[in-house]
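S.K.: Please read through the structure below; I'll follow up with questions.
Just so it is clear, none of the values below were taken in a lab; they were calculated from the coordinates. The model shown is predicted, which means the values in this text are computed figures rather than measured ones. When we count neighbours, we look across all protein chains shown, and the Cβ atoms used for this are built from the backbone with ideal geometry, even at glycine.
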Amino acid sequence: MQKKVFLCVLGDARQIYMCKALAKYGVVYAYGIDCFDDSIISLDDISAMTQKADILVLPIMKSDGLNISQNGRRIDCSDLALHLKSNAIVTGGRLSTKQIEFFSSLGFDVKDYFMRDELVIKNCIPTAEGALQLAMQEMACTIKGSRVLIIGYGRVGKACGEIFYAMGADTVCTARRLSSLAEAENNHLSAFLLDELYGHIDSFDLIINTVPALILDKPLLNAVGKDTLIIDLASTPGGVDFKAAAQLNKKVLHALSLPGKVAPVTSGEIIAKAVLNILSERGG
């Protein structure tokens, strides 16, 4: 059977290892990705492609426009479309409505790999490990014996709870649902309702937010201890009033894209697996 042709465009370090993983299953062209690998065809100019691609793999998007720009390189979606087969798959992370509509209007099958459960679930581990790494770098005390509050008990919250509890932290969870609190308690964590946050928030060495909505507003930040580190893992705009935090001199880190920063090999392979699953579901 003829090998599939992948066109992989832009991204961070994780895209390098994604390309290497995909190269085991087909021909990989890489534009704006410094792979330096004999199994991958690196392109300085997209027009140098000698065949059209079955699947276009875009990075995790940082803008909603049709002009994709990352790491000092840029390319227009219309230029990419010229190098795709008529029935090609277009996939990327956090694709905007505008990007989806553009490629769909040209007859391409558009899939957002960042919406896939297998990727989101596996990405929780490098995200939680990244939060642990940041905490160890930035805190003046050990993780063991420290008091850690995790806001939200979804997938990322659970992964963080497991890791910080295993490190010996006094780990506490807060969430809106009683079922989430029960699950946290089953996993050896203390827990309380989010509505009770104001009465508890002053007693922690580390606060990790995983909720993608404003939680830590100015009154709550004012109650946070002066030496407390806050790590916000929620996607933009996050769950912290960053302007108020700066005014109150609170130490806040908005830790975005941790998998690509702390574990690019693993996170790149996770993306590659999701891309291959998309292709397999299409009968490829």
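S.K.: Just add up the charged neighbours of Leu178: K/R +1, D/E -1, any other residue whose Cβ is under 15 Å from the Cβ of Leu178.
M.R.: That sum, taken over residues with Cβ under 15 Å, equals -2.
S.K.: Apply the membrane-span-like helix rule to the chain: whole DSSP H runs, Cα extent along the own long axis of at least 24 Å, mean Kyte-Doolittle hydropathy at least -1.0. List the helices found.
M.R.: Qualifying helices, which must be both long enough and hydrophobic enough, are 117-138, 264-281.
S.K.: Another question, then. If the limit is 24 Å between Cα atoms, which of Lys111/Lys243; Lys98/Lys122; Lys98/Lys261; Lys122/Lys226; Lys85/Lys111 go over it?
M.R.: From the list (Lys111/Lys243; Lys98/Lys122; Lys98/Lys261; Lys122/Lys226; Lys85/Lys111), the Cα-Cα distance tops 24 Å for Lys111/Lys243; Lys98/Lys122; Lys98/Lys261; Lys122/Lys226.
S.K.: Next question, about the same structure. Sort Ile41, Ile75, Ile89 by Cβ crowding within 10 Å, fewest neighbours at the top.
M.R.: Details: Ile41 21, Ile75 18, Ile89 24.
Ordered by Cβ neighbours within 10 Å, fewest first: Ile75, Ile41, Ile89.
S.K.: Using Cβ contacts closer than 10 Å as the measure, can you line up Val211, Val120, Val110 from fewest to most?
M.R.: Ascending number of Cβ neighbours within 10 Å: Val120, Val110, Val211.
S.K.: Here's a follow-up. Computed from these coordinates, which is Kirkwood radius over Cα pairs in Å: (i) 19.4; (ii) 20.4; (iii) 19.9?
M.R.: Of the labelled values, this structure produces (ii).
S.K.: Obtain the nm distance between the two label points defined at Asp44 and Asp109 by a simple spin-label model: each point lies 7 Å from its Cα along the Cα-to-C-beta direction.
M.R.: 3.6
S.K.: Roughly speaking, what is the stretch gain from Asn186 to Glu138, that is 0.36 nm per residue apart minus the C-alpha to C-alpha distance, in nm to one decimal?
M.R.: My answer for the length gained is 14.3 nm.
S.K.: Got a sec? Which residues in segment 14-52 would a label at Ser257 touch, if it sits 7 Å along Cα→Cβ and we count backbone N under 11 Å?
M.R.: Under cut-off, by backbone N: 14-15.
S.K.: Still on this structure, please answer the following. From the helices alone, meaning DSSP H stretches of at least four residues, give me the mean residue ellipticity at 222 nm for the chain, per-run term -39500 (n - 2.57), in deg cm²/dmol to the nearest 500.
M.R.: Value at 222 nm, helices only, nearest 500: -10500 deg cm²/dmol.
S.K.: Taking every DSSP beta bridge that has both residues in the chain, what percent is antiparallel when rounded to the nearest 5?
M.R.: 10
S.K.: Quick one: if the Förster radius is 22 Å, what FRET efficiency do Arg282 and Leu82 give, using the C-beta to C-beta distance and rounding to 0.05?
M.R.: 0.55
S.K.: Between Arg73 and Lys218, how many nm apart are label points set 7 Å from Cα along the C-beta direction?
M.R.: 4.4
S.K.: Lys and Arg at +1, Asp and Glu at -1: add these up for the other residues within a Cβ distance under 15 Å of Val90 and post the number.
M.R.: +1
S.K.: When the chain is modelled as a GNM with alpha-carbon springs shorter than 10 Å, which of Asp232, Asp109, Asp76 fluctuates the most?
M.R.: Looking only at Asp232, Asp109, Asp76, the largest GNM fluctuation is found for Asp76.
S.K.: Is the shape of segment 5-124 best called rounded, prolate or oblate, per the rule: a/c under 1.5 gives rounded, else a/b larger than b/c gives prolate, else oblate, with a ≥ b ≥ c the square roots of the Cα gyration tensor eigenvalues? Spell out each step's value before the answer.
M.R.: Working: a/c = 1.33, a/b = 1.07, b/c = 1.23.
In terms of gyration-tensor shape, rounded.
S.K.: Okay, moving on. How far, in nm, would the chain grow between Asp34 and Ile100 when pulled straight, counting 0.36 nm per residue and subtracting the alpha carbon separation?
M.R.: Values: separation 66, 0.36 × 66 = 23.76 nm, distance 2.64 nm.
My answer for the length gained is 21.1 nm.
S.K.: Express in nm, to one decimal, how much length is gained between Leu194 and Gln247 on full extension, taking 0.36 nm for each residue of separation and deducting their alpha carbon distance.
M.R.: The span from Leu194 to Gln247 would gain 16.7 nm if fully extended.
S.K.: Count charges around Leu193 for me, please; just the other residues with Cβ under 15 Å from its Cβ, Lys/Arg as +1, Asp/Glu as -1.
M.R.: Working: positive: Arg176, Arg177; negative: Glu183, Glu185, Asp195, Glu196.
Summing Lys/Arg as +1 and Asp/Glu as -1 gives -2.
S.K.: Still on this structure: Along segment 199-205, what does the Karplus equation 6.51 cos²θ - 1.76 cosθ + 1.60 (θ = phi - 60°) give for ³J(HN,Hα), rounded to whole Hz, x for Gly and Pro?
M.R.: With the stated coefficients, segment 199-205 comes to x, 10, 6, 7, 10, 10, 7 Hz.
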